[in-house]
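Asker: Dropping the structure in here first, questions after.
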Amino acid sequence: MWKYLHRLSSLKYCYEWSGKWVPWLLGVTAVLMLVGLYWGLLVAPTDYQQGESYRIMYIHVPSAWMSMFVYAVMAGAGFVALVWKTKLSEIIVSECAVIGAMFTALALITGMLWGKPTWGTYWLWDARLTSELILLFLYFGIIAIHSVIEEPRTAGRVASILAIIGIINIPIIHYSVTWWSSLHQPNMQLVSKTPSVHPSMLYPLLVMAVAFQMYFVSLLFIRMRNEILYRERLTKWVKKALAGH
Amino acid sequence: MLSVVLTVIQRDLLLAFRRRADLMNPVLFYVIVATLFPLGVSPDVEFLGRLAPGLVWVTTLLAALISMESIFRQDFDDGSIEQLFLSPHPFSMLVFGKVAAHWLITGVPMLVIVPLMALLLHLPVQAIPVLWATILLGTPILSLVGAIGAALTSGFRGGGILLGLLVLPLYVPVLIFASSAVSAAVDGLAVSGHLAMLGAGLILALVLAPFAIGASLKISMS
Amino acid sequence: MQELLILDGKGFYVWSAYAITMISLVVALVSASMRKKKIIKEIDESLEQ
Amino acid sequence: MPIQEPRVLKAQDLKCSRGGTELFSDLGFSVVSGESLVVKGGNGSGKTSLLRILCGFNHPAEGKVTWCSQSIYGHDEYRQQVSYVGHQSGVKPDLTVLENLDFMQRLAGASSQESEIKEAVRFVGLFRQRNMMTGKLSAGQKRRLALAKLQLQQRIVWVLDEPLTALDKEFIGEFEQVLKNHLDNHGILVVTTHRELKIPEYRVKRVNLSPSC
């Protein structure tokens, strides 16, 4: 195990290792995405309650899951960055922040587009959407760090601390926002967004969820390799690697 | 150990009183914002009374945020952070002293001004004691948590708005429990649950924040 | 094909949601690969000096 | 200064980079009690960064620094033995000279005797300004105040960044005497300076960061 971890700390090895995987990941993502979209949009039956608008669930729910999952990955990388001070984990933290913010924004937009036909308004201060909005601020905070602090190593460690503080704060926010929304809109429960999911509707959702995971890993690898190239641009191995291109 | 924390508090209070003008900043800010609400919202007694708990606490949050900038900015500029780092005492204890001093300078005046401004906003009188309790429990959390953001941004230029962005998500739970405690008091409902949550938040902040602040300062110092 | 677009009146929301999502996912990938080209060009230029 | 077995401050293949550009690399040296390390190098060659690494403020990109063969990071005992005088004075402009020194003594845990502080202030020639606000002192006087702090703290490792700047001629002579006393008391000195320090050659080790200067 340690030998493996140690090898990952050398950016050169990591650059080459991830490079081999990117084409495969992109292929799997494309296939899964197409299957999921076709299945969710065309094959899955209409929901008796919401009619067709529930189909937005197939991108809203995976985005929301990914916004939380990416934050967890970022906090994990942040912990590694602070404890073992590896450059790779700092790069992962800053890349995850951007990807996570994208997923959170998508979850919010699709949530609003789903809310309009279902509730009649684009935005409703319900627990899930509000927590998602605050999560977006957490992401923006970490992204903004890199614009304020020029020195990449310091910025990486500050971002790692923020990611860890955030992961402690997310359950607190979720609990307090849920409690708060039940206080002010007691009748929120009957407007639950995910309808009682019949298996025929559930499978496309799972396919889309895996598609989003594959997308995340491939985008992370691509962006990570860019950042490795940029940060190691003065080293010999980068020049040698690029000579081949 | 405790004596050194008191030493840091005493020095910071002395520093603050040397610049007496700055002491008034949070209070002045509070009065200004609190007078804007009736002009902007509506002077109607009943309507404003219902909004008062939220307005009072949002303003307290903003006042705390504005004053957060000053905790470490001066120490970074004159290099005394490094001297604190090189002292035999644990860094997070010294930092705790600085945050405690900052709370005494900015939080305690809130205990005086906030009930007064609440009356201006037609907050029903029976809610004033509970409001006072939420300020007593809430503002230390704001100082402790805000100091983490300040520790991360004061060392760098352009950290201003970034501090707000970092600290806002951390302030949300405090705002929720504090303002709902006051509005529960307005309706005569039980407030012990809300205050218990604030108390728990305070203890969590007291235990975790100093270490987070110490670690953050060490990073932004490098 | 027609009713597919309308999706009993809710088509606008469903299709715009899917469009926004798919476009931003693709744009993220494209901008990442464009950045790679820019970095490689930058490194090649620095090699020439 | 308690005299124990010789203390060693050792650095091994240090590498430091700022903003992606490398300042210095494969830097190694060791300084024993009673020796001083003079760091030479042009502007921006990383002198200050090296000093800050030795104080434990910064982490080097590579390599490690040890104090009595223990890494200095998280080494509480080492932290208490370092006095750092950087470009900034490290004192509060709104406090008077005496208040600053008094706070510093109480911070270090030593019970601050009034007499000791007055003696240190008199030595650096700031006795007349002792009740003045530090902010109103001139650059040279602020530098003297920082050096008074060194006298008071009596720590083993002195890390001084351009200590002689803004000091006038005759005070430099006195100050060099203080440095010699410090080395005689088995102290360690790490210093960057453009002007040659009159310290006996056998006690001096040199590090040159950028040969181009």
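Asker: Relative to the longest principal Cα axis of chain B, at what angle does helix B:192-221 sit, 0 to 90 degrees, rounded to 10?
Answerer: Compared with the principal axis, the helix lies near 30 degrees.
Asker: For chain D, take the longest principal axis of its alpha carbons; what is the angle in degrees between that and the long axis of helix D:139-153, to the nearest 10 within 0 to 90?
Answerer: In chain D, helix D:139-153 runs at an angle near 80 degrees to the longest axis.
Asker: To the nearest 10 degrees, how steeply does helix A:152-184 sit against the main Cα axis of chain A, on a 0 to 90 scale?
Answerer: 10
Asker: For a quick size check, give me the Cα extents of the range D:86-154 along its three principal axes, largest first, whole Å.
Answerer: 29, 22, 19
Asker: Here's something else I'd like to know. Please rank A:THR130, A:THR104, fewest neighbouring Cβ atoms within 10 Å first, as an exposure proxy.
Answerer: With the fewest neighbours first, A:THR130, A:THR104 line up as A:THR130, A:THR104.
Asker: From the cross-link list D:LYS15/D:LYS40; D:LYS47/D:LYS169; A:LYS240/C:LYS37, which pairs have alpha carbons spaced over 26 Å apart? Working shown, then result.
Answerer: Working: D:LYS15/D:LYS40 16 Å; D:LYS47/D:LYS169 24 Å; A:LYS240/C:LYS37 16 Å.
Over 26 Å apart, Cα to Cα: no pair at all.
Asker: Now for a different question. Cα atoms only, the range B:2-221: Rg and Dmax in Å?
Answerer: Final numbers for Rg and Dmax: 17.7, 58 Å.
Asker: Oh, and also: Translational diffusion coefficient of the range D:147-213 at 10 °C, 1.306 mPa s, Stokes-Einstein with Kirkwood Rh over Cα pairs, in µm²/s as a whole number.
Answerer: 123
Asker: Here's something else I'd like to know. What per residue convex hull volume, in Å³, do the alpha-carbon atoms of chain A yield?
Answerer: 145
Asker: Also, quick follow-up: Collect residues whose amide H, placed 1.01 Å from N in the peptide plane, falls under 5 Å from the amide H of D:LYS40; neighbours closer than 5 in sequence don't count.
Answerer: Distant-sequence amide H within range of D:LYS40: D:VAL207, D:ASN208, D:LEU209.
Asker: A further question follows. For the protein assembly as shown, what value does the Rg/Rh ratio take when both radii are computed over Cα atoms and Rh is the Kirkwood radius, given to two decimals?
Answerer: 1.03
Asker: Something else now. What is the fewest-to-most order of B:HIS194, D:HIS87, D:HIS75 by other Cβ atoms lying within 10 Å of their Cβ?
Answerer: Values: B:HIS194 26, D:HIS87 10, D:HIS75 16.
The most exposed by this proxy come first: D:HIS87, D:HIS75, B:HIS194.
Asker: Report P(r) for the range C:2-48: all Cα-Cα distances, bin width 5 Å, range 0 to the bin holding the largest distance, values in whole percent.
Answerer: 5, 19, 13, 12, 11, 9, 8, 7, 6, 5, 4, 2, 0
Asker: Could you give the spread of the C-alpha atoms of the range D:100-213 along their three principal axes, from largest to smallest, in whole angstroms?
Answerer: If we take the Cα atoms of the range D:100-213, the spans are 45, 29, 23 Å.
Asker: About the Cα centre of the protein assembly as shown, how large is the charge dipole given +1 on each Lys and Arg Cβ and -1 on each Asp and Glu Cβ? Please answer in debye to the nearest 20.
Answerer: 1600
Asker: Determine the distance separating the Cα centre of the range A:101-160 from the Cα centre of the range D:15-87; give it in Å without decimals.
Answerer: When both Cα centres are located, 41 Å separates them.
Asker: A follow-up question, please. So what's the projected area for the range D:23-155, the Cα convex hull averaged over all directions, in nm²?
Answerer: For the range D:23-155, averaging the hull's shadow over all directions gives 9.4 nm².
Asker: So for the range B:48-121, what are the equivalent ellipsoid semi-axes in whole Å, largest first, each being the square root of 5 times an eigenvalue of the Cα gyration tensor?
Answerer: After diagonalising the Cα gyration tensor, the semi-axes are 34, 11, 9 Å.
Just so you know, all these numbers are worked out from the coordinates, no wet-lab data involved. Worth saying up front: this structure is predicted, and the values here are computed from it rather than measured. We place every Cβ from the backbone using ideal geometry, glycine too, and count neighbours over all the protein chains shown.
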